[in-house]
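Student: Below is a structure I'd like to ask you about.
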Amino acid sequence: MSTTDKAGMQTRTPGAVKGGDGKFIFPLEKMGKIDAGVGYSTGVGPVVEGERMQCALVTKERGTGSNPHHHPNEQWNYIVKGTLRVKVGDAPEQLCGPGTLLYFPANIVHYTIATEDADVVFFAVKDLSHGISGIPVDPSKGVYTGKK
């Protein structure tokens, strides 16, 4: 598919920006933010979609994050700033800080929560078989806004 194909310029995620067709450089820190985990996460940030991949610079405020969720696409997160509590599948929860690369296989339940000491910023990459948001395990829990 050509990047000039108008039908191909639509994004899978509402509010995301489409790369290609002359758009190749994206000042992420200056771009508008969208919800990166609608209904289960406090993560927000700009999302850019290519033909097969999507990228986001996601921020989670200190003490907030995502409730357990999964998605049909695999995901990589590279932590730029702050510390996340991370749980993937049956593995024990771990603290992960700047310079850590996280891998979330498709359809594996996981969560990430910013620790209380600072906001977290991470760079996320996912394939475009699904949008940026995942599927919450328990939608009634909503977003994770801190311990109750």
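Student: For the list (1) modelled with pLDDT of 95 or more; (2) open to solvent by 40 Å² or more (accessible area, probe 1.4 Å), I need the number of the one condition that Q54 fails.
Tutor: Going through (1) modelled with pLDDT of 95 or more; (2) open to solvent by 40 Å² or more (accessible area, probe 1.4 Å) one by one, Q54 breaks only (2).
Student: Name the one entry in K60, K87 that is basic (K, R), in contact (Cβ under 8 Å) with a residue 60 or more places away in the chain and within 21 Å of P139 (Cβ to Cβ). Break it down stepwise before answering.
Tutor: Working: K87 fails: in contact (Cβ under 8 Å) with a residue 60 or more places away in the chain.
Step by step, each of K60, K87 is checked, and only K60 is basic (K, R), in contact (Cβ under 8 Å) with a residue 60 or more places away in the chain and within 21 Å of P139 (Cβ to Cβ).
Student: Looking at segment 68-76, is at least one residue in contact (Cβ under 8 Å) with a residue 24 or more places away in the chain and either of a type in the set (K, R) or more than 25 Å from P14 (Cβ to Cβ) (or both)? Spell out how you get there, then give the answer.
Tutor: Step one: of segment 68-76, the residues in contact (Cβ under 8 Å) with a residue 24 or more places away in the chain are 68-76.
Those still in the list that are either of a type in the set (K, R) or more than 25 Å from P14 (Cβ to Cβ) (or both) too: none.
No.
Student: Within segment 22-43, can you find the residues that are open to solvent by 30 Å² or more (accessible area, probe 1.4 Å) and closer than 15 Å to G142 by Cα?
Tutor: Selection gives D35, V38, G39, T42.
Student: Can I ask one more? Which of the residues that make up segment 101-131 are within 23 Å of R12 (Cβ to Cβ) and either open to solvent by 60 Å² or more (accessible area, probe 1.4 Å) or among the basic types (K, R) (or both)?
Tutor: Y103, N107, I108, V109, F123, K126, S129
The values are calculated or read from the model by the stated rules, or taken from the named source; none is laboratory data. Predicted model, so just to flag it, every value in this text is computed and none were measured. Glycine also receives a Cβ, built like all others from the backbone with ideal geometry; neighbour counts cover every protein chain displayed. To get the accessible areas, we keep the full protein, side chains included, count just its heavy atoms, and leave off ligands, DNA and RNA. Shrake-Rupley method; radii C 1.70, N 1.55, O 1.52, S 1.80 Å.
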